[in-house]
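Bear in mind these aren't lab numbers, they're just calculated from the coordinates by the rules spelled out. Everything numeric here is computed off the predicted structure, so don't read it as measured data. We place every Cβ from the backbone using ideal geometry, glycine too, and count neighbours over all the protein chains shown.
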Amino acid sequence: MGSKYDVLVIGGGNAALCAAIAARLGGASVLVLEGAPKFYRGGNTRHTRNMRCAHDAATEILTGPYTEEEFWEDLLRVTGGQTDEVLARHMIRESKDILNWIVEQGVRWQPSLGGTLSLGRTNSFFLGGGRAMLNALYLTAERLGVDVEYDAEVTDLVIDDGMFLAARLKRPINGETEIRATSLVAAAGGFEANIEWLKQYWGEAADNFLIRGTPYNRGSILKMLLDKGVQEVGDPTQCHAVAIDARAPKFDGGIITRHDSVVFGIVVNKHSQRFYDEGEDIWPKRYAIWGRLVAAQPDQIAYIIFDSTVVTSFMPTLFPPIAGQTIAELAGKLTLDPAALEKTVTEFNAAVRPGTFDHTILDDCRTEGITPQKTHWARKIETPPYLAYPVRPGITFTYLGTRVTKEARMLMADGKPSANMFAAGEIMAGNVLGKGYAAGMGMTIGSVFGRIAGREAAKHARN
Amino acid sequence: MHGTRILDEADRLMTVCNSCRYCEGLCAVFPAMEMRRAFSDGDLNYLANLCHSCGACYVDCQFSPPHEFNVNVPQTLAVARAESYAAYAWPQALSGAFARNGLVISIVAALSMAAFILGFAALNDRSVLFGVHTGPGAFYKLMPHNAMAALFSAAFLYAILALVMSVRAFWRDIGTPIGGRADGGSIFQAIRDAGELRYLHGGGVGCYNEDDTPTDRRKLFHHLTFYGFLLCFAATSVATLYHYLLGREAPYPWWDLPVVLGTLGGIGLVVGPIGLLVAKSRRAPELLDETSYGMDVGFTAMLFLTGFTGMLLLLLRETAAMGPLLALHLGAVFALFITMPYGKFVHGIYRFAALVRYAQERRSEAGS
């Protein structure tokens, strides 16, 4: 037999650490089991940079108020109503206090980063980014006396009639062991890095997906919980996907492989055909649709094509654009059919109507007479060198999760609340975020429900 | 691309960092980077010298090793910085002094101290060298004041000349921004930023040293060293004024201004360098440029030696040890002066120039 703790936290990201700290502050003994090695700790939190919290007035780093009601309306819009209103409103209310609470745990804010001015009022940015935030939370947790184990792969959960008893753990050195605890907080994320699982819904196409986070986000805890009778929430087939550079590594390329350039050019598939209106809406509002669109194209690959006049209109990119003095030369480098690409560009150029370009609004630069149309920011691609970024779907997170109550307590398939199991973060994000996304919301869900779960788990353990 | 491996690597990293920007709140390097989309040699040397090596961007980076992007900005910029010192050194014939700097400085220091001892012994009777001298002019019984002043002025002026020529080459290479010359406001801003070591701060929590817990120890020891150095310099300057304007000759009583300044400065120059050397020996190797270990240690050790021999001289100046100690102290100071343009001392000069440039860029950005 292994040791016994009041609260066992499985996971090592923002939600897990907020839960661990809150449980420890509530007087509980706490163990955190992080499945990744120390460097890769924290799941998707490593790659985040901000959090969306409601606030009634401007602060040192936020340029204006963001009321609970406005937050709710934004959430309603991005999810298309696929949200639990009671839970969501509770989260939004609690988010106000998180702005201060998280600072008390050592996290530091800064004004919005260069290139993200549109978020300056609503989102608080972590000084140094998500890993800096994690480092601060880990230091605080360890200072408070929370035990942390890395490379801690949980192989099984012992659950009896909705009651957590123990976790079986495979340590890299000491082998199998069992850890008992009075309460469980599951904060171990989704299954976005589990290609086999993704294939159940996406088929062989999933082999061409790139995963934006670490290879450790395999959803094994989520699967165990659902297998042992916890009620599921969220569409299992859906994931958040953006178009990222096709040259990015298979895992953990993070945010720097993204492309902001779709609105400045056209996007073609491997047959050199356009397939969607590149000018549909303002960036970054339509940022997240392009992953799904590219996933639906043959071989899950597409190419953003633009010319040298727009190079400085977007953030510098990790991978340089591929360049050609003529469209045919560019096509050759992209292994596209030169004649087909020339035809697509020529037809597009001929369809561009005159207008006044302004990328900050839905301007009047549009095409006429081609399908699909480009409804805004359409300008001729005619100034060499011609440039291109190859893109593939980059999977950020999955929506499937465990259903919870306002207290972050898991609900069992029969609708009864679990006696001692709580969930926080991406593993239960589907309760609030049934689909879609808005910047910083994942971290709000993590911190708010992490803190609630930790508090409630400690309360249960101390009773 | 850039002619040196390290500048190629710095360019690669700045391209990675410029597409991320999470670290822009930590220090001046990243905001300066964001003002550019491509990086010349001069740009990279500018960024390298702007970096204070606090280590925060390494600890905060999701792409630092073992990640395959292998982003290690502090170490890369430390190597680039050390190589930039040699690249801008004047005269270029002496740039090789940076490559094996620890050795060069040790040899110069040893030779310099030996020369003073031998010189004192050759020019003075045994009874004078080991005699007890007190009262005004005591030091000058061993070495005439004018000889001392001439020798040290020459060494000091040479150091100034070499430093000015070096930093001029640096200043030209990093490119003058629109607006031309350095303006008063930017210089004042840079003096403040350098004076408080604003960017040796991990963005507010302190530096990263031996582990992932930040502290402000290096900043404290650097302050002791730097302000100790300035106080000692002030002590010498005041004594020079006393000598020429008031006709008052050293040594001065313990309560007099040159001695008070020198004593406070000397304490700083003993405690500060020891603290810095200990901190360096403990620092995580992945944050350091280990190839310039000799250079870093050489200069810090010279400062310590200067402070230590000076303090000994103060304590024992009324004993028979004064003569040899004076020779040692003068030897140490002389070696410090002539090696200044060819050792770690230059970091302060280049970094200050980089801070002026950064202040200019910020002002022109705000103005545009």
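Before moving on, here are some points about what is shown:
- Other-chain or far-sequence residues with amide H under 5 Å of A:Val404's (modelled H): A:Leu411
- The share of C-alpha pairs in the stretch B:5-88 whose separation exceeds 19 Å stands at 27 percent.
- Taking the centroid of alpha carbons for each part, the stretch B:228-245 and the stretch B:131-149 are 17 Å apart.
- On Cα atoms only, tilt of A:85-104 relative to the major axis of chain A in degrees: 80 degrees
- For A:Phe397, the residues whose modelled amide H falls within less than 5 Å of its own, excluding neighbours fewer than 5 places apart on the same chain, are A:His240.
- The relative contact order of chain B, computed from alpha carbon pairs under 8 Å that lie at least 6 residues apart in sequence, is 28 percent.
- With N as its number of residues, the protein assembly as shown has a Cα radius of gyration that, divided by 2.2 N^0.38 Å, comes to 1.14.
- Span-rule helices in chain B, defined as complete DSSP H runs reaching 30 Å or more along the axis (Cα) with Kyte mean at least -0.5: B:101-123, B:145-173, B:217-241, B:257-282, B:293-316, B:346-367
- For chain A, the Kirkwood hydrodynamic radius comes to 23.1 Å, computed from all pairs of different C-alpha atoms.
- Inter-chain neighbour count for B:55-65: the average number of beta-carbon atoms from partner chains within 10 Å of each residue's beta-carbon is 5.
- When you count the other C-beta atoms within 10 angstrom of each residue and take the mean per peptide, B:334-345, B:100-111 line up highest first as B:334-345, B:100-111.
- Put simply, the stretch B:54-133 fits an ellipsoid with semi-axes of 48, 17, 9 Å; these come from the alpha carbon gyration tensor as the roots of five times its eigenvalues, largest first.
- Taking only the Cα atoms of the stretch B:94-367, the ratio Rg/Rh comes out at 1.00, with Rh defined as the Kirkwood radius.
- Calculated P(r) tail over 12 Å for the stretch B:239-290, as whole % of Cα pairs: 72 percent
- Surface/4 of the Cα convex hull for the stretch A:367-461, nm²: 10.4 nm²
- Sites B:Arg363 and A:Glu73, calculated FRET efficiency, Cβ-Cβ separation with R0 51 Å, nearest 0.05: 0.80
- For peptide A:124-135, the mean count of partner chain Cβ atoms within 10 Å of a residue's Cβ comes to 6.
- When each of A:Val103, A:Val262 is scored by the number of other beta-carbon atoms lying within 10 Å, the sequence from fewest to most is A:Val103, A:Val262.
- Relative contact order of the stretch B:170-234, defined on C-alpha pairs under 8 angstrom at six or more residues apart (%): 15 percent
- Within the shell of other residues whose beta carbon sits under 12 angstrom from the beta carbon of A:Val294, the net charge comes to +1, with Lys and Arg scored +1 and Asp and Glu -1.
- The mean number of partner chain beta-carbon atoms within 10 angstrom of a residue's beta-carbon across peptide A:45-51 is 2.
- A convex hull fitted to the Cα coordinates of the stretch B:204-245 yields 48 cubic angstrom per residue.
- Tilt relative to chain A, helix A:68-79 - C-alpha long axis, 0 to 90 degrees, to 10: 60 degrees
- Computed extension length for B:Asp173-B:Gln92: 27.6 nm, one decimal, from 0.36 nm per residue of separation with the Cα-Cα distance subtracted.
- Expressed to the nearest 5 percent, the antiparallel share of DSSP beta bridges inside the protein assembly as shown is 70 percent.
- Put simply, the convex hull of the Cα atoms in the stretch A:242-394 casts, on average, a shadow of 8.0 nm².
- For the stretch A:25-170, alpha-carbon Rg relative to the globular expectation (2.2 N^0.38 Å, N residues): 1.23
- Sequentially through the stretch A:457-462, phi angles give Karplus couplings (6.51, -1.76, 1.60; θ = phi - 60°) of 5, 5, 4, 4, 5, 7 Hz, Gly and Pro residues having no value and appearing as x.
- Taking one quarter of the surface of the C-alpha convex hull of the stretch B:226-368 gives a mean projected area of 12.3 nm².
- Placing one equal scatterer on every Cα of the stretch A:1-108 and applying the Debye formula, the log10 ratio I(q)/I(0) at q = 0.23 Å⁻¹ is -1.28.
- Overall form of the stretch A:37-95 per C-alpha gyration tensor (a/c, 1.5; a/b vs b/c): oblate
- Across chain A, C-alpha contacts under 8 Å between residues 6 or more apart give a mean separation that, scaled by the residue count, equals a relative contact order of 24 percent.
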